[in-house]
Amino acid sequence: MTSSLSIRLGRSDDVAAVLRLLDEATIWLVANGRTDQWGTEAHSTNPRRVQQIEGFAADGGLWVAESDGRVVGALAVGEAMSYVPAATEPELYIRLLVTDRAARGGGIGTELLEHARTLARELGVELLRVDCFGGGDGALIRYYEKQGFTRAEPFGVPVSDSEWPGQLLYQRL
């Protein structure tokens, strides 16, 4: 898969494709009993999520991976999310990473994370951070660790009458 993969700056007309990837990932999560990560509702029907992805495209932080002209992955980078502890040094923060579930295991996420490392180096920063779902069986945390990230502190985000468990990870470049 990665031999025909290209990564380019995302545009506003890529928002629907990124939302499609998020919707498909949610369907996969629900089918695998992981409703506590993103819930059960489609991202494409959530005005807040649509606005967030549109903002990623508008601020120049959205990157998309394409294969044969089809968007198969997305990466958004920029400032840290408001719910994580602030960095104590300049950083690049991964705000979103999602790949096509049909291409699972094809290295798309690895390529997008390498692109984030390249962007960080171009900015002259040595710290790359990301957060992810910290609950369930910890599979997502282990994915980032296999990608060279180290666990930092766990955190919680209040959601309705509960708390979404998150995990902050970092990588030194």
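Since every read-out is calculated from the coordinates, none of them should be taken as a lab result. All figures in this text were calculated on a predicted structure; none of them were measured in a lab. Cβ: placed from backbone, ideal geometry, glycine included. Neighbour counts: every protein chain shown.
Quick notes on this structure:
- Treating r as the C-beta distance of GLN147 and SER4 and R0 as 25 Å, the FRET efficiency rounds to 0.70.
- Euclidean distance of C-alpha centroids, the range 149-163 and the range 104-124, integer Å: 24 Å
- Taking only Cα atoms of the range 94-160, radius of gyration then Dmax in Å: 13.3, 40
- Relative contact order (percent, whole number), the chain, Cα cutoff 8 Å, 6+ residue spacing: 20 percent
- For q = 0.16 Å⁻¹, Debye-computed log10 I/I(0) when each Cα of the range 2-172 counts as one equal scatterer: -0.99
- Length gained on full extension, ASN46 to ARG70, computed as 0.36 nm times the residue gap minus the Cα-Cα distance: 6.3 nm.
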